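Accompanying notes for the structure given below.
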Amino acid sequence: MRSSAPLLHATFDIDRGRRAFEQALLRGDAGAVAALYADDATLLAPASDVLRGRPAIERYWRTGVESGLEAVEVVVLDLRQRGGVALEVGEYAMHLALEAGGNAIDRGRYLIVHRIEPDGSWRRAAEMFSPEPPTQPRA
C-alpha cells in the first residue's frame, strides 16, 4: 500500500508557495515572486517572449507591478503529483490599476509544472497562463 504522505507534503508546500506568490504581488515584491521559481524556470506569458531563468521572470513581474498589477487570486482546479513533479491547473484573476483611473480584472487559466529541488523545496519549473477572450457587448 502506498502512502499519501509525499503527496500531502507536496500539496502543503505548493499551497504555501501559492499563498507566498499572492502575498508578494500584493506587496509589489517581484524579487519574492521570482524566488518561488526554479533557477532555470520557464515562463510563457501572453504577448511576451519565452522567459527563461529567474532574473528574466523577476523582470517580467516587476514590469507588471510597475504597470499597475496589484493582486492575483487563483483557484486551483487540479493538482497532481508524480514523483518529483506536480502539475497544477487553475483559474486566475489579476487585479490591475489603470493609468486613467479605475481598475480592471484580467481573468484566465494557467498551468504550472512544479519540481522538487535538491534542497527539498517545491519551485515553479514552468508556467503558462492565458487570459480569457474579452467578452463582446450584447447587441
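The values are calculated or read from the model by the stated rules, or taken from the named source; none is laboratory data. Just so you know, these numbers come straight off a predicted model, no measurement behind them. All Cβ positions, glycine included, derive from the backbone under ideal geometry; neighbour counts span all protein chains shown.
State all residues of region 20-58 that are among the acidic types (D, E) and over 25 Å from G120 (Cβ atoms); if no residue qualifies, say none. If you could, list the steps in order and put the result at the bottom.
Our first condition is that a residue be among the acidic types (D, E); within region 20-58, this holds for 22, 29, 39-40, 49, 58.
Matches in region 20-58: D49 only.
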Would you say A86 is of a type in the set (A, V, I, L, M, F, W, C), within 21 Å of S121 (Cβ to Cβ), at pLDDT 95 or above and in contact with a His (Cβ under 7 Å, 6 or more places away or on another chain)? yes
Does E99 qualify as being touching a Gly at 6+ places or on another chain (Cβ under 8 Å) and under 20 Å from T42 (Cα atoms)? no
Can you tell me which residue is nearest to L44 (Cα to Cα) among those in region 56-73 that are surrounded by fewer than 17 Cβ atoms within 10 Å (Cβ to Cβ) and of a type in the set (D, E, K, R)? R59
Which of the residues belonging to region 85-104 are within 19 Å of the chain's Cα centre (by Cα) and loosely packed, with under 13 Cβ neighbours inside 10 Å? A104
Taking R54 as the residue in question, decide whether it is in contact with an Asp or Glu (Cβ under 6 Å, 6 or more places away or on another chain) and free of Cβ contacts under 8 Å to residues at least 40 places away in the same chain. yes
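Can you give me the number of residues within region 18-29 that are surrounded by 20 or more Cβ atoms within 10 Å (Cβ to Cβ) and touching a residue at least 24 places away in the same chain (Cβ under 8 Å)?
Residues of region 18-29 that are surrounded by 20 or more Cβ atoms within 10 Å (Cβ to Cβ), as a first pass: 18, 21, 24-25.
Filter again for touching a residue at least 24 places away in the same chain (Cβ under 8 Å), leaving 18, 21, 25.
Qualifying residue count for the region: 3.
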Scanning region 34-68 residue by residue, those closer than 16 Å to A20 by Cα and outside any helix (DSSP H, G or I) turn out to be A35, L36, Y37, A38
Residue ID - nearest to R109 (Cα to Cα), chosen from residues in region 30-49 that are without any contact (Cβ under 8 Å) to a residue 24 or more places away in the chain and in contact with a helix residue (DSSP H, G or I) (Cβ under 9 Å, 6 or more places away or on another chain): S48
